[in-house]
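Take a look at the structure set out below.
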Amino acid sequence: MRPLWIGPLTLETVTVPIRHLPARLEGCRVAQLSDFHYDGLRLPTPLLEAAIALVNQLEVDLVALTGDYVTHDAAPIFGLAAQLSHIRSRYGTVAVLGNHDNIRLGSRHTILGELNRAGIQALWNQVTYPLGEDFPIVGLADFWSRDFAPRSIFQALSSTVPRLVLSHNPDSAAALTPWRVDLQLSGHTHGGQIRLPGVGPLPALTQSLRHSVWSKLPLPSRYRRCAKIVHHWEWAAGLHAVGSNRVYVNRGLGTYAPGRFRCPPEVTLLTLVQA
Ligand SMILES: [Fe+2]
């Protein structure tokens, strides 16, 4: 089933102050893409090509991919990784996986392997240093997987060192508050896909009504499932403070039925500056 409405590809720009940001990284520009769901139904190839072309046009320093490359079957990763190999930036592309990349047995290894073959540093509880030893990039296992285990990773990093964290599910931001996270990049929510004026994401509304009139609402069952996607719908999109940490949530490129309303697919351009 094709979505009824997707909306135009949108570039979101945000500036993020970072404490102890190395002087040479002042103004460092990072592009983020998320939630591809490249399965022949949820992401039209022209939209994917447009997003990659936009990222290349931005001439950024680094590109971050925050998961859900496929929806169920891992096979589309072969075509998607070939497309993603065309992404250009100064220091390369880093990536983490989402819950949909870890649904079927073996999917995770197939997707990690194919992304790495495409020249993308795909991380699963790993740290990489494409921007230098004084600015680590942490790529966490998906929050819903058994492997989500940030403690040992963060304990190995000096608290005086700023870091960028890639974690598909923004709910993980609450679990990461014991540690320093200067900027977490997430996706997963698709922004809620349907955003009502004055209300925000429709799934947030249905979640809040679940214990009152929720069961009586004449809405399709998919909206009941939406309420379970995240606990923190207040972080459905954009930049948010979580304690002394920050999380940015990208609305994604792929779209589930019935489509998007006031929630277009997104390319993000984040500029890091010294706090
Ligand atoms: Fe997704």
Problem - Residue-wise HN-Hα coupling along the range 250-256, computed from phi with Karplus coefficients 6.51, -1.76, 1.60 (Hz; x: Gly, Pro) - result: 8, 6, x, 9, x, 9, 7
Fill in the blank from the handout: Ranked by GNM mean-square fluctuation in the chain (Cα springs under 10 Å), the top entry among 180, 29, 90 is 90
Exercise for the section: Give a residue-ordered list of calculated ³J(HN,Hα) values for the range 31-43 (Karplus: 6.51 cos²θ - 1.76 cosθ + 1.60, θ = phi - 60°; whole Hz; x for Gly, Pro). Expected result: 9, 10, 10, 8, 6, 6, 6, 7, 10, x, 10, 9, 9
Fill in the blank from the handout: Long-range alpha-carbon pairs in the chain, meaning those over 25 Å apart, account in percent for 42
Practice task
Please give the helix 45-58 orientation as an angle from the longest Cα principal axis of the chain, in degrees from 0 to 90, rounded to the nearest 10.
Solution key: 30
Practice task
Using R₀ = 30 Å, calculate the FRET efficiency as 1/(1 + (r/R₀)^6) where r is the Cβ-Cβ separation of residue 228 and residue 15; round to 0.05.
Solution key: 0.35
Exercise for the section: Springs between alpha-carbon atoms under 10 Å, Gaussian network over the chain: tell me which of 164, 205, 84 tops the mean-square fluctuations. Expected result: 205
Practice task
Using the Karplus curve 6.51 cos²θ - 1.76 cosθ + 1.60 with θ = phi - 60°, work out ³J(HN,Hα) for each residue of the range 123-138 in order, rounded to whole Hz, and write x for Gly and Pro.
Solution key: 10, 9, 6, 9, 10, 9, 10, x, 9, x, 4, 8, 8, x, 10, 9
Exercise for the section: Quick one: among 171, 68, 147, which has the greatest mean-square fluctuation in a GNM of the chain with alpha-carbon springs under 10 angstrom? Expected result: 147
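FYI, it's all coordinate maths here, none of it is from the lab. This one's a predicted model, so the numbers in the text were calculated from it and none came from an experiment. We place every Cβ from the backbone using ideal geometry, glycine too, and count neighbours over all the protein chains shown.
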